[in-house]
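The values are calculated or read from the model by the stated rules, or taken from the named source; none is laboratory data. Note that this is a predicted model, so its numbers are computed, not measured. FYI the Cβ positions are ideal-geometry reconstructions off the backbone, even for glycines, and counts take in every protein chain you see. Quick note on the areas: whole protein, heavy atoms, side chains included, nothing else; ligands and nucleic acids left out. Shrake-Rupley method; radii C 1.70, N 1.55, O 1.52, S 1.80 Å.
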Amino acid sequence: MKLATLKRGGRDGRLALVSRDLTRCLLVPGIAPTLQAALDEWALVSPRLADRAAMLEMNTSNADVMPFDPTQCAAPLPRAFHWVDGSAYVNHVELVRKARGAEMPESFWTDPLVYQGGSDDLLGAHDDVPFADESWGIDLEAEVAVITDDVPMGTTVDAAASHIKLIALVNDWSLRGLIPGELAKGFGFYQAKPATSFSPVVVTPDELGGAWRDSRVHLPLLSRINGQEFGRPEAGVDMTFNFSQLIAHVTKTRRLGAGAIIGSGTVSNYDRSRGSSCLAERRTLEQIESGSARTPFLKFGDRVSIEMRDEQGHNIFGTLDNKVTRAVS
């Protein structure tokens, strides 16, 4: 089942079912007006949504069926109750910390690292992304994320997988020039982590077939900058902590409410031939190889696209295609 939120009917948009080929969609106000409403009652609502999704696949003549336009999509959850991002690809963390001269504690390999990001202003896949200053080091971070139902405090790794209801792609933008100063204060990110962009479509795990196993997505994550391929690392490879482990970690001391989003962190492989999912990693590798970083951070007017395709080449989540723009004061 594929779902999207269309930009209509208020700040939280309107929930739509989307055909598997991403060409058609159908609003479902009689089942759930928004994605958050569906997640609040997922056990009751999801079977009804699945029935309508099956009808959408079979019936293209229904008068209520519309062409699907991803440019009209908000973030699947335009404002979420909870957004927590992990650093599940620890080899990436090791590289980026090396770039700023920071040692990595051994515990990072055994205890997940997460931060809680802003969730009140999440961006759609085709929204412009505003930044006030290019000198802050504008960077992409291509990731996978999951969305949960209600998750109890103290959920085990084994139990966590059953709470993963939807999967999305994410660009968790970073301002690299602001990170060192914020972290030096010893209280984590804030200004360095602006609003996050999301894929136009979220999918239920069964849509991925055999590519969803061990609470990981075993497919390459493709990112491009201004139309040129930047990286296609395998999301299921070198993921030190899977999504079940991340959920168990974040529920150690608190519950998660329905609609909580958990990100993987920047997808990264030890096989560097597959490229990177963020500029900071590329620049670090250049520094190690030649003594200086050559690849610049993003500039106003640059476009970043992110997508994931199945083994048959079908676009699963639709494409994030965001333009970096100057913020208007």
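Using the 1.4 Å probe convention, the accessible area of the chain works out to 44 Å² per residue with neighbouring protein chains retained. Our summary gives the chain a relative contact order of 23 percent, counting only alpha carbon pairs under 8 angstrom and 6 or more residues apart. Taking all protein chains together, T251, T156 sort by accessible area into T156, T251, largest first [probe 1.4 Å].
Within region 55-147, the proportion of Cα pairs with more than 22 Å between them is 54 percent. Of the solvent-accessible surface of region 183-246, computed with a 1.4 Å probe over protein heavy atoms with every protein chain present, carbon and sulfur atoms account for 48 percent. Calculation over all alpha carbon pairs of region 177-329 in 10 angstrom steps from 0 returns a P(r) of 9, 31, 39, 19, 2 percent. Counting only the Cα atoms, the chain fills a convex hull of 135 Å³ per residue. Return a whole-number percent for the relative contact order of region 120-197, with Cα pairs under 8 Å and 6 or more residues apart as the contact set. Relative contact order for region 120-197 comes out at 37 percent. Note on the chain: with charges restricted to the Cβ of Lys and Arg (+1) and Asp and Glu (-1), its dipole about the Cα centre is near 480 debye.
Mind telling me which of G101, G275, G124 comes out most flexible in a GNM of the chain, alpha-carbon contacts under 10 Å? Looking only at G101, G275, G124, the largest GNM fluctuation is found for G101. At the listed q of 0.10, 0.13, 0.14, 0.22 Å⁻¹, the Debye profile of region 1-127, built from one uniform point per Cα, gives log10 I(q)/I(0) equal to -0.46, -0.66, -0.72, -1.20.
Taking D64, D128, D310 as the candidate residues, the one with maximal mean-square fluctuation in a Gaussian network model of the chain, Cα springs under 10 Å, is D64.
E307 sits among other residues whose Cβ lies under 12 Å from its own Cβ, and their net charge, with Lys and Arg +1 and Asp and Glu -1, is 0. With a cut-off of 19 Å on the backbone N, the residues of region 177-210 near the modelled label site 7 Å out from D121 along Cα-Cβ are 177-179, 189-199. In the chain, the DSSP beta bridges split such that about 90 percent are antiparallel, to the nearest 5. Taking M1, M153, M308 and ordering them by how much accessible surface each has at a 1.4 Å probe, largest first, produces M153, M1, M308. Computed as a quarter of the hull surface, the mean projected area of the alpha carbon convex hull for region 107-220 stands at 9.2 nm². Each residue, S107 and T253, gets one label point 7 Å from its Cα in the Cβ direction; the gap between the two is 1.2 nm.
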